[in-house]
Amino acid sequence: MNTGFKLVHSNRGPPFSFSCHSCFAPQSLTLKQVSRMKQQRADILMSIKPVHIGNIASRVKTHEFRKYLIPRSVSRIWFYTSAPAQALQYVAVIGNGKTAEEISEAAGGLGMSEFRSGLKESSYYGYEILELYEVEVPFSLKDMKERGWIKGPPQKYQWVPQAMLDSIPLEGLKKVF
């Protein structure tokens, strides 16, 4: 598929050049910008019910179950907690999606036995929650919309926009576990 765009490595001048066939001149990208573009594909925003994020935060629930496979490049889920909270409250570092057969028999947690036995309807993949961070001053749905980060609550998932990553540095979040 030819989109008309290409990223070109150069030994002279800026490290990368971004060209567009319909543009008048190539746009230069720094290594930092290229790195940010790659980093963005590591973060998704996903909705979760308050009861489930509460169980994750208390470590009663060790896996998040979904019917779809999240891209392997994703290492963090930014959880938007649905009503009544309606806010971005947590960021989880996750493992890659696994089917029930791929998850260790020793793995426990709320919902795991139902997942293994196939009783957890429309859940085909489990994502281990490896670390959890709290956004100490949550961002409401209204805040996120006003900042242009989202248009509404995420339905399946959406990529975390760069502006959001820039505004909420991971280093500044409170580690829950």
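Here, each number is a calculation from the coordinates, and none is a lab measurement. Computed from a predicted model, the values in this text were never measured in an experiment. Don't worry about glycine lacking a Cβ; one is built from the backbone with ideal geometry, like all the others, and counts go over all protein chains shown.
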Which residues in the stretch 121-163 place their backbone N less than 18 Å from a point set 7 Å from the Cα of Val51 along the Cα-to-Cβ direction?
-> 121-123
Most exposed first by the Cβ proxy, i.e. fewest other Cβ within 10 Å, how do Thr99, Thr62 rank?
-> Thr99, Thr62
If one computes the Cα centroid of the stretch 113-153 and of the stretch 40-97, what distance in Å separates the two points?
-> 3
Excluding His63 itself, what net charge comes from residues whose Cβ is under 9 Å from its Cβ, given Lys and Arg +1 and Asp and Glu -1?
-> 0
Sort Trp78, Trp149 so that the residue with the fewest other Cβ atoms within 10 Å of its own Cβ comes first and the one with the most comes last.
-> Trp149, Trp78
Cβ-Cβ FRET estimate between Glu136 and Arg41, R0 fixed at 22 Å, reported to 0.05 | 0.25
If you add up the charges near Glu134, with Lys and Arg at +1 and Asp and Glu at -1, over every other residue whose beta carbon is less than 14 angstrom from its beta carbon, what do you get?
-> +1
Quick one: if you stick a label point 7 Å off each Cα along the C-beta vector at Glu101 and Glu171, how many nm between them?
-> 4.4
Total charge of the residues flanking Ala83 in space, meaning their Cβ is under 14 Å from its Cβ, with Lys and Arg +1 and Asp and Glu -1, is +2
